[in-house]
C-alpha cells in the first residue's frame, strides 16, 4: 500500500467518524417525544369474497387504527390501511352524524 493510499484511508476514516459523531449527537425527532406508549387491541376478521384474513390493530391511547391482511399464498402480512380515530370522530361531530 502506497503512502498516498494510506493517507487517503485515514482521511476517509476521519470524515466518517465526524459524520457518525454528528448524527449521534443530534437531537431526537419531536414526534418521538410527544407520542405516548400505546395500549393495543387486536380484532381479526375475514374479508367476504377473498381468501384474505384481516387484523385490525387499534391503539386506544393514541386513537389510531391500522389494518393488516394475511396473504396465505405467500405467507406474508400486507399493509391495508390506517385511520386516525380521533380525527374521524371530530369530523363526524362537525358534520352532525
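The values are calculated or read from the model by the stated rules, or taken from the named source; none is laboratory data. Source: prediction; values computed, not measured. Don't worry about glycine lacking a Cβ; one is built from the backbone with ideal geometry, like all the others, and counts go over all protein chains shown.
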Assuming residue 28 fulfils every condition listed in (1) in a helix (DSSP H, G or I); (2) modelled with pLDDT under 90 apart from one, which condition is it?
-> (1)
Residue check: is residue 96 out of contact with any helix residue (DSSP H, G or I) (no Cβ under 8 Å at 6 or more places or on another chain), surrounded by fewer than 12 Cβ atoms within 10 Å (Cβ to Cβ), at pLDDT below 80 and at positive phi?
-> yes
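Let's see how each residue does on (1) exposed (fewer than 10 other Cβ atoms within 10 Å of the Cβ); (2) at pLDDT below 90; (3) touching a helix residue (DSSP H, G or I) at 6+ places or on another chain (Cβ under 8 Å):
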| position | (1), (2), (3) |
| --- | --- |
| 32 | yes, yes, no |
| 46 | no, yes, no |
| 52 | no, yes, no |
| 58 | no, no, yes |
Only one of (1) surrounded by 10 or more Cβ atoms within 10 Å (Cβ to Cβ); (2) at pLDDT 80 or above; (3) on the phi < 0 side of the Ramachandran plot does not apply to residue 63, and that is (3)
